[in-house]
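Visitor: To start, I am sharing the structure in question, which I have written as structure tokens.
The values are calculated or read from the model by the stated rules, or taken from the named source; none is laboratory data. On a predicted model such as this, the values are computed, not experimentally measured, just so you know. Ideal geometry is used to build each Cβ from the backbone, glycine not excepted, and the neighbour counts take in all protein chains shown. Side chains are part of the model used for accessible areas, which takes the heavy atoms of the whole protein and leaves out ligands, DNA and RNA. Shrake-Rupley method; radii C 1.70, N 1.55, O 1.52, S 1.80 Å.
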Amino acid sequence: MATPTAPDGRAQLPPVANIQMVDLKAQYEAMQQEVDGAIMEVVRSGAFINGPAVKNFQAALERFLGTDHVVPCANGTDALQIALMALGLSPGDEVIVPAFTYVASAEVIALLRLSPVMVDVDPRTFNVRAEDIEGAITDKTRAIIPVHLYGQSCDMEPIIALAQKHHLYIVEDNAQGIGAEYTFSDGRVQRTGTLGDIGCTSFYPSKNLGAYGDGGAINTDSLELSKKLRKVANHGQGRRYYHDLVGCNSRLDSIQAAVLNCKLPRLAGYNERRNRAADFYDAHLQGLTGLLTPQRQENSTHVFHQYTLRIDGGRREALQEHLKEAGIPSMIYYPVALYDQEAFRGTAANKIDFLPNTDLLTKEVISLPMHSELDEHTLAYITDSVRTFFDR
Ligand SMILES: *Cc1c(COP(=O)(O)O)cnc(C)c1O
């Protein structure tokens, strides 16, 4: 059969069936025996809560991150909430957070009756910068939540300097960044999540290290903070049935920990395969007017939780429709700035209702399929389809 051709005579690739944003099934099949065995071991042991699988995972994650204390919890949103609760902030205290992020980063601030102060981000890396934060610091500011969006570290060195100068806590939202490494100007290399006072991550199934349900973790190098975090996550009790403070109930269950124990040793490989997919996208999406590929920072590795393009000229929705017709899913992370969300309107302490870069990004970003199981054939089909949109 003749290969169909595009109007310009270029060969058009035959459609690839069943392309997904995230392919959890193929990833499972590659380790089915091991993961089935690990889950069944928990079932047979009956150690569903805080069993050996949880303790093993806690230790393994401490080693992986290079941190002294990991406190597993129920999900990434809880991780952020517990982190803020452990810092002993008072109602009305201000916490700086980027306006361009997933809602959880700011939701927990408002939930605790603290004031979210939303700030802008870098339009090329999508991350919050020290310069975005500095102007928002007031005498009520107590903490900053940098979000390592899409899998690349914020430029933390100047943010850390700012936090030290103003005596602010740093709580990293590392839900999308697990595995990324940041290099300081003196050559020191550290994993994201270990750069501030507390790191928070999520094991939501589609995250780079995803469980088969919900899960999360908090980490810190401070023994004192780790004790507080553990207490808060466990009904505020140090000793059983003695409650020192009002906490919550947030646990990583043993079955999820068993799955994560199988996947953590594979995370570097998953992230490597995501990078190869991103390299392919980068190489094959160059030179298109109106399309920007994501900028890679020199001082951070990228784990490509998302591969996110910017499409200008109001053509994003048309591109999304074009891809959909070709059977290619895409997502808009995130279509609405946090200050424009109904839940937050008028609540931000600095009364922000417009930030230019955030506004621009909500209109221009589009994320392509990104996971550890994308083959070149599929990637070529996707990039070919994007090119066809711009060539026509
Ligand atoms: C996923 C995510 C969270 C929340 O994690 P959950 O486990 O879904 O509660 C928080 N922040 C960011 C940036 C995320 O991507």
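Visitor: Direction-averaged shadow area of the convex hull around the Cα atoms of the chain, nm²?
Guide: 20.9 nm²
Visitor: Still on this model: List every residue whose amide H lies under 5 Å from the amide H of ARG191, counting only residues 5 or more places away in sequence or on a different chain, with H placed 1.01 Å from N in the peptide plane.
Guide: Residues meeting the amide H criterion: TYR182.
Visitor: Under a 5 Å amide H to amide H cut-off, with H placed in plane at 1.01 Å, what residues pair with GLN152 once short-range neighbours are removed?
Guide: VAL303
Visitor: If the elastic network links every pair of Cα atoms under 10 Å, which of LEU80, LEU168, LEU209 fluctuates the most in the Gaussian network model of the chain?
Guide: Judging by the Gaussian network model, the answer is LEU168.
Visitor: Let me ask you something else. Per residue of the range 242-250, what does 6.51 cos²θ - 1.76 cosθ + 1.60 with θ = phi - 60° give for ³J(HN,Hα)? Whole Hz please, x for Gly and Pro, Karplus curve as stated.
Guide: Residue by residue, the range 242-250 yields 10, 9, 7, 8, 7, x, 9, 10, 9 Hz.
Visitor: Roughly how many percent of the accessible protein surface of the chain is carbon and sulfur, given a 1.4 Å probe and a whole-percent answer?
Guide: 51 percent
Visitor: Would you mind giving the average projected area, over all directions, of the Cα convex hull of the range 241-286 in nm² with one decimal?
Guide: About 6.4 nm², averaged over all directions.
Visitor: Still on this structure, I have one more. Can you give the accessible area per residue of the range 195-268, in Å², using a 1.4 Å probe?
Guide: Heavy-atom SASA per residue in the range 195-268 reads 44 Å².
Visitor: Another one. Å³ per residue of the Cα convex hull, for the range 266-391?
Guide: So the per-residue Cα hull volume is 147 Å³.
Visitor: Still on this structure, I have one more. Between VAL119 and residues 5 or more places away or on another chain, which pairs have amide H atoms under 5 Å apart, with H built 1.01 Å from N, and which residues are they?
Guide: Those lying under 5 Å, H to H, from VAL119 are VAL97, ALA99.
Visitor: Cα centroid distance between the range 315-392 and the range 145-202, in Å?
Guide: Centre-to-centre distance over Cα atoms comes out at 25 Å.
Visitor: Going toward the positive end of the dipole of the range 266-391, with +1 on Lys and Arg Cβ and -1 on Asp and Glu Cβ, which of MET331, ALA380, HIS302 do you reach last?
Guide: HIS302
Visitor: Who wins for biggest fluctuation among GLY199, GLY88, GLY210 in a Gaussian network model of the chain, springs between alpha carbons below 10 Å?
Guide: So, out of GLY199, GLY88, GLY210, the one fluctuating most is GLY88.
Visitor: If the limit is 22 Å between Cα atoms, which of LYS25/LYS55; LYS55/LYS227; LYS165/LYS227; LYS207/LYS227; LYS263/LYS324; LYS55/LYS228 go over it?
Guide: LYS25/LYS55; LYS165/LYS227; LYS207/LYS227; LYS263/LYS324
Visitor: Which percent, nearest 5, of DSSP beta bridges in the chain are antiparallel?
Guide: Here the antiparallel bridges make up roughly 65 percent for the chain.
Visitor: Which ³J(HN,Hα) values, rounded to whole Hz and listed in residue order, are derived for the range 68-73 from phi using the Karplus coefficients 6.51, -1.76 and 1.60 in 6.51 cos²θ - 1.76 cosθ + 1.60 with θ = phi - 60°, glycine and proline given as x?
Guide: 7, 9, 10, 10, x, 8
Visitor: If you don't mind, another one. Of all alpha-carbon pairs in the range 1-160, indicate the percentage at a distance above 25 angstrom.
Guide: Cα-Cα pairs in the range 1-160 separated by more than 25 Å: 56 percent.
Visitor: Taking θ = phi - 60°, what integer Hz values does the Karplus form 6.51 cos²θ - 1.76 cosθ + 1.60 yield along the range 192-207, in sequence order, with x for Gly and Pro?
Guide: Couplings: 4, x, 10, 8, x, 6, 9, x, 10, 9, 10, 10, 3, x, 8, 6 Hz.
Visitor: Here's something else I'd like to know. Rounded to the nearest whole Å³, what is the per residue volume of the convex hull around the Cα atoms of the range 171-230?
Guide: Taking only Cα atoms, the range 171-230 has a hull volume of 78 Å³ per residue.
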